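Before any comments, here is the structure.
The values are calculated or read from the model by the stated rules, or taken from the named source; none is laboratory data. Model, not experiment: these values are computed from the prediction. Heads up, the Cβs are rebuilt from the backbone with ideal geometry, glycines too, and the neighbour counts pull from every protein chain shown.
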Amino acid sequence: MRAQGSASRVRPRFGSTARGLLWVSPWLVGSAAFLFVPMAMSLYYSLTDYPLLEPPLWSGLDNYRRMADDPVFLRVVKNTALFCVLSIPLQTILAIVLAVLLNGRIPLRRTIQACIFIPTLVPLIASAMVWMWLFNGELGLVNRVLSVLGVDGPAWLVDRDWVMPSMVLMSLWGVGQAMIVFLAALQDVPRQLYEAARIDGMGALRQFSSVTLPMISPAILFNVISLTIACVQVFAIPYVMFRKPDGTNPAGHFYTMYLYENAFVYGNMGYASAMAWVQLLVVLVLTGVMLLASRRLVHYRRV
Amino acid sequence: MTRRAALGGMAAAGAGFALFGPRGERARASVDGRIVLDYWEKWTRHEGDAMEKVIAAFNASQDRIHVRYVVTSDIGQKSLIAIGSGNPPDLIGLYSFNIPFYAEAGAIIPMDELAPKFGVTLDRYAAGVRQVMRHKGRWWATVNTAGSIALYYNRELFRKVGLDPDRPPSTIAELDEAHRKLSKIGDDGKKLERVGFLHREPGWWSWLWAYHFGGAIYSPDGGTGGGGVSLTASDANIRAMEWMQSYARDLGVDRVKSFQEGFGNYFTPENPFLTGKVGMIVQGPWIANLVQAFKPDLDYGVAPFPTVSGHAADQPVGLIDTDVLVIPRNARHPEASMEFIAWTQRQDMSELLATAHCKPSPLAVASDEFLSRHPNRGIRVHYAIFGSNRAYIAPKTPTWQQFKDEFDSAVQRVWRLEALPREVMGGLQSRTQAIIDHAAAQRRRRNA
């Protein structure tokens with residue numbers, strides 16, 4: 001009886017939908033004004049010649065066709081893809097390893113966690129400046145340390161062969177965020193599972209592969225998708241480090257940099273919008289593939 | 001009314017004000033009943049201070065117009081957006097290479113009729129400077145500061161290696177000879193201690209060597225597309241690139257890389273020209289400000305940058321690079337803006353600004369006082385380039401920014417010995433020509 005009375009009190013009344021809409025209206029208005037309308041406009045611009053200073057002029061699929069013949073476009077796609085392929089697995093593995101280590105009982109655990117997480121709070125431009133000094137071939141700390149070990153360090157940010165490794169190493173700087181997510185997931189793994197695994201005679205490695213990894217697989221999926229989006233859109237750090245008055249280092253030229261240059265430096269907003277839509281489609285396809293793959297690989301615990 | 005409802009109402013009102021409230025127009029309507037002009041300019045520090053002095057003098061000189069100085073970084077990008085969105089400032093300080101893009105899009109107001117009303121005429125400017133003010137037969141901008149690019153050399157180092165500091169190199173062969181004498185490799189045979197001349201230091205004008213080999217990288221005339229012709233694969237440019245590549249080969253690409261990484265930033269006491277790590281550089285007159293600030297005892301000399309055949313008397317070859325003032329389309333008070341521009345173009349104001357920026361005045365006539373007190377000891381060399389009919393400017397194409405980025409990228413390949421100049425420049429010519437032709441085709445469609 002009590003339950004029925006309670007249900008009658010929360011029964012929707014006339015006007016409650018309108019009131020609900022009113023309360024979410026800031027989000028609705030904001031999303032429309034700053035997300036859906038700009039997206040629709042950029043889709044339209046991608047089908048036009050739009051130099052910003054003049055009205056857009058319809059050009060159909062011309063911008064999309066031009067990409068195939070644009071060597072710079074192909075170069076930035078290659079660089080960005082390589083960065084994703086190298087950086088995402090490395091970041092994920094390192095974050096898991098750190099999380100597993102910090103999940104154990106080690107001294108100064110909280111302090112070490114904070115130290116690994118703090119770099120993610122540093123503004124990107126500031127961290128780019130710091131890395132420029134660290135990776136300076138002549139004066140940088142990295143090469144100083146290498147020289148102590150008897151290794152003649154490369155010109156990290158100048159030499160084409162070393163630009164990508166530098167970028168990947170720098171991306172590991174921000175591994176703290178993923179590590180915190182994994183740490184939370186690890187602490188959520190039921191202890192009984194490990195006890196059962198031990199009783200079954202599993203060693204530490206087998207426990208990790210058969211218990212830990214499946215149990216944190218939803219967190220892995222979440223992180224890989226987040227990292228993929230971030231890596232495909234990488235911009236601020238390479239823009240600060242590799243776009244110089246004497247030209248951009250071709251090895252450090254990434255997709256979003258070229259998109260920005262087209263939009264705001266060359267005045268090719270139509271082409272830039274087309275690039276943005278290609279980028280969105282790539283992210284959507286990659287995310288879709290990962291979600292499909294997750295059906296087999298990701299283990300969701302039933303509550 | 002409940003507290004929650006009141007807060008909700010206030011939030012809604014705030015959001016409404018932010019979205020639909022008065023913008024720009026009302027905020028900058030007037031100061032003491034005067035018209036307010038917003039002037040976007042890129043200068044900060046001593047350069048900005050000098051412009052603010054000019055503005056203060058203008059604001060004090062009359063009671064109808066008040067100019068507000070707004071320091072704007074990335075001015076090209078922000079101006080594009082402001083003009084494109086129909087809410088531009090009243091005046092913008094752009095670079096001269098921006099003019100073709102803005103002019104062809106009709107984004108700035110021509111000055112042919114407006115400027116003479118306020119006593120500003122083209123004949124007041126140095127001959128070389130006039131080139132940048134006009135595009136496709138119309139006058140689009142005035143010049144507030146201008147520089148010409150020359151060879152700066154360290155006289156003390158010249159003396160040290162047995163070169164005559166009063167006879168700077170005039171030909172490319174002489175430059176090569178001076179470079180060889182000035183360059184020094186450390187005792188270990190691995191590291192460079194000093195370099196005579198480095199094309200890539202500071203590397204801001206990677207495209208200008210062709211002009212000193214008797215050619216150019218672009219011609220506004222000819223071509224099938226109607227947008228001009230890329231000449232990056234011309235003999236002159238290929239010879240210039242081969243010359244540049246020979247330096248990289250002789251010095252060693254890896255050695256130069258690590259040598260350059262040891263340089264400080266341009267605007268610091270660690271600038272390699274100030275520290276003596278590089279004996280000769282290609283630079284504008286403003287470097288004298290750096291010398292004054294960080295190494296006032298540096299004994300430097302200035303000469304027109306050498307050419308393959310040397311310089312004809314009084315007709316040196318050199319690049320003219322300027323800062324320009326434009327009035328954007330949809331500016332609210334073009335006449336008032338022009339009145340302010342006319343003030344900045346007065347000889348006293350122009351010289352005040354030029355002295356602070358350590359540049360020559362863009363005007364044809366300079367006062368004796370200005371020349372004698374100028375902080376740059378080589379100012380007369382820069383003037384000579386201004387007056388020369390062999391002076392050149394950045395290619396006048398609306399695609400210049402993209403053209404230059406492509407050029408810079410190609411030069412990096414040449415410098416790193418990745419391919420022969422003929423091969424790199426051939427590819428670059430096809431690519432830049434395609435960019436020019438595409439822009440020209442779009443322009444024709446718009447004008448049709």
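Could you please let me know if B:Arg155 is touching a residue at least 12 places away in the same chain (Cβ under 8 Å), touching a Pro at 6+ places or on another chain (Cβ under 9 Å) and under 30 Å from B:Gly228 (Cβ atoms)?
It is false that B:Arg155 is touching a residue at least 12 places away in the same chain (Cβ under 8 Å), touching a Pro at 6+ places or on another chain (Cβ under 9 Å) and under 30 Å from B:Gly228 (Cβ atoms).
Please verify whether B:Leu94 is under 14 Å from A:Leu53 (Cβ atoms) and surrounded by 21 or more Cβ atoms within 10 Å (Cβ to Cβ), treating the condition exactly as stated. Step through it out loud before you land on a result.
Working: under 14 Å from A:Leu53 (Cβ atoms): yes; surrounded by 21 or more Cβ atoms within 10 Å (Cβ to Cβ): yes.
Against the criterion (under 14 Å from A:Leu53 (Cβ atoms) and surrounded by 21 or more Cβ atoms within 10 Å (Cβ to Cβ)), B:Leu94 qualifies.
Among helices (runs of 4 or more DSSP H) lying entirely in region B:255-372, which contain 3 or more residues that are in the same structural domain as B:Met244 (by TED's automatic domain parsing) and not aliphatic (A, V, I, L, M)? Spell out how you get there, then give the answer.
Details: elements: B:272-275, B:287-294, B:334-344, B:347-357.
Filter on region B:255-372 gives B:272-275, B:287-294.
Got a sec? Which of A:Thr80, A:Thr92 is within 23 Å of the chain's Cα centre (by Cα) and under 14 Å from A:Val278 (Cβ atoms)?
Working: A:Thr92 fails: under 14 Å from A:Val278 (Cβ atoms).
Only one candidate passes the filter, namely A:Thr80.
Working carefully through the options B:His333, B:His357, find the one that is within 27 Å of B:Ile75 (Cβ to Cβ) and either buried (at least 22 other Cβ atoms within 10 Å of the Cβ) or within 21 Å of the chain's Cα centre (by Cα) (or both).
Working: B:His333 fails: either buried (at least 22 other Cβ atoms within 10 Å of the Cβ) or within 21 Å of the chain's Cα centre (by Cα) (or both).
One residue alone meets the criteria, B:His357.
Kindly list the number of the only condition in (1) part of a helix (DSSP H, G or I); (2) more than 14 Å from chain A (Cβ to nearest Cβ); (3) crowded, with 20+ Cβ neighbours inside 10 Å that fails for B:Arg239.
With (1) part of a helix (DSSP H, G or I); (2) more than 14 Å from chain A (Cβ to nearest Cβ); (3) crowded, with 20+ Cβ neighbours inside 10 Å applied to B:Arg239, the lone miss is (3).
Among (1) closer than 19 Å to B:Asp254 by Cβ; (2) touching a residue at least 12 places away in the same chain (Cβ under 8 Å), there is one condition B:Ile172 misses while meeting the rest; what is its number?
It fails just one condition, (1).
Kindly indicate whether any position in region B:427-447 is more than 18 Å from A:Tyr258 (Cα to Cα), within 10 Å of chain A (Cβ to nearest Cβ), within 21 Å of the chain's Cα centre (by Cα) and not acidic (Asp, Glu).
no
Against the condition surrounded by fewer than 19 Cβ atoms within 10 Å (Cβ to Cβ) and either within 11 Å of chain B (Cβ to nearest Cβ) or under 23 Å from B:Glu104 (Cβ atoms) (or both), how does A:Asp49 come out, does it pass?
No: the conditions fail for A:Asp49.
Keeping to region B:90-128, report how many residues are within 26 Å of B:Arg446 (Cα to Cα), more than 14 Å from chain A (Cβ to nearest Cβ) and in contact (Cβ under 8 Å) with a residue 12 or more places away in the chain.
So the count comes out to 4.
Is it true that some residue in region B:39-56 is in the same structural domain as B:Ile327 (by TED's automatic domain parsing), in a helix (DSSP H, G or I) and over 21 Å from B:Gly147 (Cα atoms)? Before you say what the answer is, go through the steps one by one.
Of region B:39-56, the ones in the same structural domain as B:Ile327 (by TED's automatic domain parsing) are B:39-56.
Imposing the further condition that a residue be in a helix (DSSP H, G or I) reduces the set to B:45-56.
Imposing the further condition that a residue be over 21 Å from B:Gly147 (Cα atoms) reduces the set to B:55-56.
Looking for residues that are in the same structural domain as B:Ile327 (by TED's automatic domain parsing), in a helix (DSSP H, G or I) and over 21 Å from B:Gly147 (Cα atoms), one finds at least one in region B:39-56, hence yes.
Could you tell me which numbered condition B:Val326 fails, if it satisfies all but one of (1) within 14 Å of chain A (Cβ to nearest Cβ); (2) out of contact with any Leu (no Cβ under 9 Å at 6 or more places or on another chain); (3) at pLDDT 95 or above?
Single failed check for B:Val326: (2).
Can you pull out the helices (runs of 4 or more DSSP H) entirely within region A:124-242 that have at least 1 residues that are more than 14 Å from chain B (Cβ to nearest Cβ) and within 27 Å of the chain's Cα centre (by Cα)? So that I can check it myself, show each step before the final result.
Working: elements: A:124-134, A:141-148, A:160-172, A:176-187, A:191-199, A:204-207, A:213-232, A:236-242.
Helices (runs of 4 or more DSSP H) meeting the threshold: A:124-134, A:160-172, A:176-187, A:213-232, A:236-242.
State yes or no: is B:Asp250 in a loop (DSSP other than H, G, I, E, B), free of Cβ contacts under 8 Å to residues at least 24 places away in the same chain and more than 14 Å from every other protein chain (Cβ to nearest Cβ)?
Numbers: in a loop (DSSP other than H, G, I, E, B): no; free of Cβ contacts under 8 Å to residues at least 24 places away in the same chain: yes; more than 14 Å from every other protein chain (Cβ to nearest Cβ): yes.
No, not satisfied.
Going through region A:269-303 one residue at a time, which ones are of a type in the set (Phe, Trp, Tyr) and either within 15 Å of the chain's Cα centre (by Cα) or over 17 Å from A:Gln233 (Cβ atoms) (or both)? Please lay out each step first, then the result.
From region A:269-303, those of a type in the set (Phe, Trp, Tyr) are A:271, A:277, A:300; that's our starting set.
Hits for region A:269-303 are A:Tyr271, A:Tyr300.
On the basis of being touching a strand residue (DSSP E or B) at 6+ places or on another chain (Cβ under 8 Å), under 21 Å from B:Gly378 (Cβ atoms) and either surrounded by fewer than 20 Cβ atoms within 10 Å (Cβ to Cβ) or without any contact (Cβ under 8 Å) to a residue 24 or more places away in the chain (or both), does B:Gly276 make the cut?
Working: touching a strand residue (DSSP E or B) at 6+ places or on another chain (Cβ under 8 Å): yes; under 21 Å from B:Gly378 (Cβ atoms): yes; either surrounded by fewer than 20 Cβ atoms within 10 Å (Cβ to Cβ) or without any contact (Cβ under 8 Å) to a residue 24 or more places away in the chain (or both): yes.
So B:Gly276 fits the description; yes.
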